[in-house]
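Below is one structure, written out as structure tokens; the observations come after it.
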Amino acid sequence: MTDLTAETAIPIRRPVRWHIGVFLLPAIIVYSAIMVLPLIETLRLSFYNIVDGTPAFVGLANYKVLFGDPRWAHDFWNALVNNLIFFAIHMCVQNPIGVALAALLSTPRLRFVAFYRTAMFLPTLLSFVIVGFIWKLILSPIWGVAPWLMSLVGMKSFFAPWLGQSGPALVAVSLISNWQYIGIPMMLIYAALLSIPEEVIEAAECDGITGWAQFWKIKLPLILPAIGIISILTFVGNFNAFDLIYTVQGALAGPNMSTDILGTLLYRTFFGFQLQLGDRSMGATIATVMFLIILAGVSFYLFAIQRRMRRYQF
């Protein structure tokens, strides 16, 4: 009887879930149209240039010009170094302050938490045009309020036209960017802190670990994955940055190219500015190098850091 049942058993066929493909198709089409196809076209364009008035395949010639020609190489390495400084300031100022603010907001006895959280996140919602224009007015040595505010605390002698000097201009623009986007790491870390189970906090309190010691020994190790995500988002955002520097310092990223980063260099190269004519091929070459830098940074995080990072699951 058992053998007969085994021989006559009909295998169960699982239904084809075609509806999943139907739901995914619009997203795939939109993503391909605005992300994949432009990326492929940019990569292709970086291997072409205008020869005798017609586009021609030139291989790596554009990259040789970018890294070998003195003028192009000087502008590129200047923009890359400034971009690294821009990123370092965000990592050393924006993210630590965001973590500290999130830790303060997560304290159970703090009142008006919703108000503080909204007020700190509000600059992130503002347009970069508004932010750039407001800070140009604030830091203006002619009609800005910064000299007057610094005089109230006896520090007017330290004021200088920071946006107009080659040395502090990049730092000033970076701090403006920190002020605008500090709400993003704050909210992400705040959410990570709230997701820590109460049992862990109660166990730490039973062991006598409270206050800042509890944060350093218990909470901080638990939110390291969130800090890693914030770091890689900061890296990608900073190496794609353009809008704020363009608003505050213009396309030439003055003074004397001291605030020029890869985004502004790409804009001037591709679209042209003033007497400089646009060069689509060299612009695509710079965009490709930017893509490779970002890809290398993200890959390093995913395969070298995230794998070694200890994860806590509850």
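The values are calculated or read from the model by the stated rules, or taken from the named source; none is laboratory data. What you see is a predicted model, and the numbers here were worked out from it, not measured in a lab. Cβ: placed from backbone, ideal geometry, glycine included. Neighbour counts: every protein chain shown. Surface areas here come from the heavy atoms of the whole protein model, side chains and all, with no ligands, DNA or RNA. Shrake-Rupley method; radii C 1.70, N 1.55, O 1.52, S 1.80 Å.
A Gaussian network model of the chain, with springs between Cα atoms under 10 Å, assigns the largest mean-square fluctuation among Trp162, Trp18, Trp179 to Trp18. Among the helices of the chain, those built from whole DSSP H runs whose Cα atoms reach 27 Å or more along their own axis and whose mean Kyte-Doolittle hydropathy is at least 1.0 are 280-300.
Distance between the 7 Å Cα→Cβ label points at Ile209 and Ile305: 2.4 nm.
Only helices enter the 222 nm calculation for the chain: every DSSP H run of n ≥ 4 contributes -39,500 (n - 2.57), and dividing by all residues gives -18500 deg cm²/dmol, rounded to 500.
The charge dipole of the chain, taken about its Cα centre with unit charges on the Cβ of Lys, Arg, Asp and Glu (plus for the first two, minus for the last two), comes to roughly 260 debye. For Lys156, the lysines whose Cα comes closer than 26 Å to its Cα, not counting residues fewer than 8 places off in the same chain, are Lys136. The Cβ shell under 13 Å around Asp69 holds other residues with a net charge of 0, Lys and Arg each +1, Asp and Glu each -1. Prolate is the label for region 196-298, because a/c, from the alpha-carbon gyration tensor with a ≥ b ≥ c as root eigenvalues, is 1.5 or above and a/b exceeds b/c.
Based on alpha carbons, the Rg and Dmax found for the chain are 26.2, 100 Å. Computed from label points 7 Å out along Cα-Cβ, the spacing between Ile28 and Thr124 is 3.3 nm.
Of the peptides 183-196, 256-269, the ranking by mean beta-carbon count within 10 Å, highest at the top, reads 256-269, 183-196. Length available on full extension from Phe271 to Asn240: 0.36 nm per residue minus the Cα-Cα distance, which gives 9.5 nm. Taking a straight line from the alpha carbon of Lys217, these aspartates and glutamates sit under 19 Å away, with near neighbours fewer than eight places off in the same chain left out: Glu198, Glu199, Glu202, Glu205, Asp207. Summed over the residues of region 203-314 and divided among them, the accessible surface reaches 54 Å² per residue at a probe radius of 1.4 Å. Each residue, Trp18 and Phe112, gets one label point 7 Å from its Cα in the Cβ direction; the gap between the two is 6.1 nm.
Among 246-255, 27-36, 54-63, the peptide with the highest mean count of other Cβ atoms within 10 Å heads the list, and the full ranking is 246-255, 54-63, 27-36.
If you take every residue apart from Leu104 with its C-beta less than 15 Å away from the C-beta of Leu104, what net charge results, scoring Lys and Arg +1 and Asp and Glu -1?
So the surrounding residues net to +4.
Here the convex hull built on the C-alpha positions of region 87-176 has a volume of 137 cubic angstrom per residue.
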